[in-house]
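Inspection log for the structure reproduced underneath, given as structure tokens.
The values are calculated or read from the model by the stated rules, or taken from the named source; none is laboratory data. Predicted, not measured: the structure shown is a model, and the values here were computed from it. Don't worry about glycine lacking a Cβ; one is built from the backbone with ideal geometry, like all the others, and counts go over all protein chains shown. Keep in mind that these areas ignore ligands, DNA and RNA; they rest on the heavy atoms of the full protein, side chains included. Shrake-Rupley method; radii C 1.70, N 1.55, O 1.52, S 1.80 Å.
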Amino acid sequence: MFAQTFIRRCNGGCRDFRATYSTTTNAAGTSPAATKFLPEYLTNSLGFSRQESASLAAKVTRFASTTKPKLVVDFLKKMGLDSTQIRKCVSRFPKLLYIDVDKTLNPKLQCLQQQLGLSGSDLSDMIEKGPKFLERGLDSNLKPILDFLKQVFGNNEDVRTIIKIYPWLLSITCQAMQENFSYFQKLGFSNEKIKWFIARRPNALQFPPQWFEERVNMLEKDFSIPRDSRMFFYGMYAITSVSKSSMDKKMAVFRSFGWSDSDIVTMFHHQPFYFTLSEANIRKKLDYFMNQLGYKPDFLSTRSLFTYSLEKRVLPRVNVLNTLKEKKLVVKTHCLYSIICLTELKFEKMFLLPYKDVVPDMYESYQGRLGR
């Protein structure tokens, strides 16, 4: 009897309900007033162009509140963010405007302040760099990640430093971090090496273990570096710093200068960090060392010349040596590679200070090239 009465009432009221609903909502389930509100708010209050506002609003059509955006913006201003920073946050993560201030934003930032001692300016910079972490659960993700990182680094200071630089780390799931840490341990990496790796390549933590397994296979098959090799860890760091397509392009640059695949493999065994350089940087250094200085692949592949800056290390020292030769102040022949590897203090002691009064312009020119 109740079911029949309910059905009759529902059927009787359906037409009026549909008519009312169709005039107050759009296809996305938000009212015309809410749909119109956000683009206008973004333009009038945050300084976005109408085109930018429309584009951003289209990404958050399922949210209908006309009060939360202003509350969030006011909260961000109290946190110390200026208009430019807030625009960057909204551009990167428009959903931020609809996160509850009292239930979500404030508790998470208070957690970071209490656990890591982050200041207001630290937090405002973090929000600007990686606002997406603010949508993650406090107890389900943020706190576990902080606990995990503290366990890895052993102290709050290191965790605070890395989080300030890479706040988006907090948007990675804690489970993903733990799985990758376990995978590194299975590869035989010590905790100290894992800590070193995470501090320099934190974004690698967002990838699944299968992604790392593919790179391990590349190291073993393409570069003949076994897992028990001393260079395996550094090769892993280098190969996870670039995409496969970027790696292929950089190898193509080496080949364009006459390097064989064997030369490239030898280079990777000795200097895997070469692949962390940009294509333009590699090309410029190959041109200088090979075309201007005459070095061959078999020499360059086993030396660390590419790790030094041309502008701030190599060229200034080459100019000093050329000047000394022209003035016949240096009789002994020196190996350029050895000279480039000298510390700044030793180089000045051997090649600058003894001739400072004889060739004062050389000393001043050298200091100028280093920006001193």
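Quick notes on this one:
- No other residue among 82, 139 is of a type outside the set (A, V, I, L, M), open to solvent by 30 Å² or more (accessible area, probe 1.4 Å) and within 19 Å of residue 169 (Cβ to Cβ) apart from 139.
- Within segment 91-114, being more than 29 Å from residue 57 (Cα to Cα) and either in contact with a strand residue (DSSP E or B) (Cβ under 7 Å, 6 or more places away or on another chain) or open to solvent by less than 50 Å² (accessible area, probe 1.4 Å) (or both) holds for 111, 112.
- Residue, most open to solvent (accessible area, probe 1.4 Å), within segment 185-214, restricted to residues that are within 20 Å of residue 268 (Cβ to Cβ) and over 19 Å from the mean Cα position of the chain (by Cα): 214
- Within segment 115-136, the set of residues being over 19 Å from residue 173 (Cα atoms), of a type outside the set (S, T, N, Q), part of a helix (DSSP H, G or I) and open to solvent by 10 Å² or more (accessible area, probe 1.4 Å) comprises 120, 122, 125, 128.
- Members of segment 156-172 that are open to solvent by 20 Å² or more (accessible area, probe 1.4 Å) and touching a residue at least 40 places away in the same chain (Cβ under 8 Å): 156, 158, 160, 164, 171
- In segment 236-268, of all residues being open to solvent by 40 Å² or more (accessible area, probe 1.4 Å) and among the acidic types (Asp, Glu), the one that is farthest from residue 207 (Cα to Cα) corresponds to 261.
- Verdict on residue 220 being of a type in the set (D, E, K, R), in a helix (DSSP H, G or I), open to solvent by 60 Å² or more (accessible area, probe 1.4 Å) and within 28 Å of residue 166 (Cβ to Cβ): no
- Candidate set: segment 275-299, residues that are among the aliphatic types (A, V, I, L, M) and part of a loop (DSSP other than H, G, I, E, B); chosen: the one surrounded by the most Cβ atoms within 10 Å (Cβ to Cβ): 277
- Residues being at pLDDT below 85 and exposed (fewer than 12 other Cβ atoms within 10 Å of the Cβ) - total across segment 324-340: 3
- Residue check, residue 302 open to solvent by less than 60 Å² (accessible area, probe 1.4 Å), of a type in the set (Val, Ile, Thr), closer than 18 Å to residue 251 by Cβ and assigned to a loop (DSSP other than H, G, I, E, B): yes
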